[in-house]
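Have a look at the structure below before the remarks.
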Amino acid sequence: MVDFQEYRAQDATGLARLVAEKQVTADELLALAQARAAQVNPRINAIVRDVPAAPAGIADGPFAGVPFLIKDLAQDYAGLPSSRGSRALMSLPAAEHSTIVQRWIDAGVVIFGKTNTPEFGAKGITEPVAWGPTRNPWDVTRTPGGSSGGSAAAVAAGIVPCAGANDGGGSIRIPAACCGLVGLKPGRGLTPMGPELGESMHGSAVQGVVSRTVRDTAAMLDVISGGEPWGPFTPGMPNAPFASCVGQDPGRLRIGVRVPTAITPVPHREAFAAVEATVQTLTDLGHHVDELPQAPFDDAALAREFLLTWFVYTAWELADAKRLTGAGDDAFERDTLILAAIGRATSSVDYLDAVQRRHDHTRRLTRFFDSYDLLLTPSLATPPPAIGEFDLPVALQKASDVLLKTRTAHLLRFTKIVDDIVDKNLGWVPYTQLANITGRPAISLPLHWTEEGLPLGVQFVAPLGGESLLVRLAAQLEQAMPWRDRVAPV
């Protein structure tokens, strides 16, 4: 039997080894995880739904007996609702397990809960009306990021060593950065979205995890990677398991670094400090790092095209939820209704134009990779913001309510509100959407803590098929700039 301190000190790989060696049972680990959840979840609100756990019937997989949490969005558990952070979907049970959930079950994890997410995963924070805000274990007045904020908060608080997440615009990397974790967004199509979907958001959204160690992230990627019979294509798989890349020399890499963006010309000084410390370590390790005079893509255009497609996707999500449940507008958040109204006001030609222009950004980034192996940026442009910081001003709330009530909210598309949404909602996270739009893999690593003791991650973006390279470099940096012993105060 292990106590909580030993449980928290272990990662998922370590816990699985203890179970395999019969030093601890799956039931004992589950009891520790549930006790920790009972202790801290009332303060951080990371877990929003219990899942009936059955450790005695676990599969004999690489993570047999390890307590685990899945996200309450696009990770369906048969018989239980996937609320997607929405009041409208709180009681609609899933007909079957998502493919990725089944792969985790087959790997032996013990799923005992679902984690909080913003409505439809449409924000980089986790403050849904349905469940209330999730709070950051490093400072409960601040956000853990989103949309996988519940999963990240649970891992950072020591409830589980690793948890399910997904990423359509930064939703793995943003919460990983906010909570001091490892967050790898795989490349387009490597992980499954089925059986309900073939791909999500034209392949921009992918499945993954947040974890405390590189080896857990790599081993979990081995578990969940690969196509499915109903998928749109068969993804290219690496020649060797991702887990085998941990500890392998990444070689001498050429890395281009960029901190300022068109959206955030002057990021917070801590974002610069995070990159500067990382660059120094990379240089000491023998890598070649260049500061880029400008971004290797049109970041202003990419942000607006990303949001335009996001507005339309939100409109579809809302319409889909209404079809499934018969819910009216009063079952959805004001912000969701505003985004959906703007989405519905977007012409099909404008929408397709934005989707087609993704290839322009991909080509520019590909030309960058002709000269460099990786792109380095901060994961966040500021430290994690305060809870409630992105609430609409009262005057705008009232004006929006009038427009929604009179069904004229589509007129917001012709106002300054779209620019305000870009500046405010992407201003602190302008770096992550590139990898989603271009389908490239990217990872956030917890390589910096601010003077206030808050995490602020550093991101690496790789070319197609670059997941193994990201794992090799991440493991090297984990040794050079260790973070595993840092423990959130909650």
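Readers should treat all values here as calculations from the given coordinates under stated rules, not as data from a laboratory. Note that the structure is predicted; figures quoted are calculated from it, not measured. So basically every Cβ, Gly included, is an ideal-geometry build from the backbone, and we count neighbours across all protein chains shown.
Here the Karplus relation 6.51 cos²θ - 1.76 cosθ + 1.60, evaluated at θ = phi - 60°, turns the backbone of region 187-199 into coupling constants of x, 4, x, 6, 10, x, 10, x, x, 5, 10, x, 8 Hz, with x for every Gly and Pro. For region 130-138, putting each phi into the Karplus relation 6.51 cos²θ - 1.76 cosθ + 1.60 with θ = phi - 60° gives couplings of 4, 10, x, x, 8, 10, 7, x, 7 Hz, in residue order, rounded to whole numbers and with x for Gly and Pro.
Our note on the geometry: Cα centres of region 336-383 and region 302-324, 14 Å apart. Antiparallel beta bridges, as assigned by DSSP with both residues in the chain, represent about 65 percent of the total such bridges. Going from the residue with the fewest nearby Cβ atoms within 10 Å to the one with the most, 63, 297, 233, 68 rank 233, 297, 63, 68.
Taking all Cα pairs closer than 8 Å and separated by 6 or more residues, the relative contact order of region 15-94 comes to 27 percent.
Our estimate of slack between residue 398 and residue 360, defined as 0.36 nm per intervening residue step minus the Cα-Cα distance, is 9.8 nm. In terms of its C-alpha gyration tensor, region 329-419 comes out oblate, because a/c is 1.5 or above while a/b does not outweigh b/c. Stokes-Einstein diffusion for region 252-314 at 20 °C, viscosity 1.002 mPa s, with a Kirkwood radius from C-alpha pairs, works out to 157 µm²/s.
Hull volume per residue, based on the alpha-carbon atoms of region 360-477 and their convex hull, is 147 Å³.
At what distance in angstrom do the alpha carbon centres of region 423-463 and region 8-43 lie from each other? Cα centroid of region 423-463 versus Cα centroid of region 8-43: 29 Å apart. Counting beta carbons within 10 Å around each of 372, 431 and listing the fewest first gives the order 372, 431. In this label model, residue 350 and residue 95 are separated by 3.5 nm, measuring between points 7 Å along each Cα→Cβ vector.
Of 114/398; 71/322; 114/185; 322/405; 185/424; 123/322, which sit over 29 Å apart, Cα to Cα?
114/398
Of interest is the spacing of the C-alpha centroids, which for region 145-176 and region 89-121 amounts to 14 Å. Each label point was placed 7 Å from the Cα along the Cα-to-Cβ direction; for residue 280 and residue 60 their separation is 5.1 nm. Residues 1, 237, 193, 220, arranged from fewest to most other Cβ atoms within 10 angstrom of their Cβ, appear as 1, 237, 193, 220. What the phi angles of region 270-281 give under the Karplus curve with 6.51, -1.76 and 1.60, with θ = phi - 60°, is a coupling list of 5, 5, 5, 4, 4, 6, 4, 5, 5, 4, 4, 5 Hz, glycine and proline written as x. For region 142-184, the C-alpha radius of gyration divided by 2.2 N^0.38 Å, with N the number of residues, is 0.95.
Counting 0.36 nm for each residue step from residue 451 to residue 6 and taking away their Cα separation leaves a gain of 157.4 nm. Dividing the mean sequence gap of close Cα pairs (under 8 Å, 6+ apart) by how many residues the chain holds gives a relative contact order of 17 percent. Based on the Kirkwood approach, the hydrodynamic radius assigned to region 68-226 is 15.0 Å, with every pair of different Cα atoms included.
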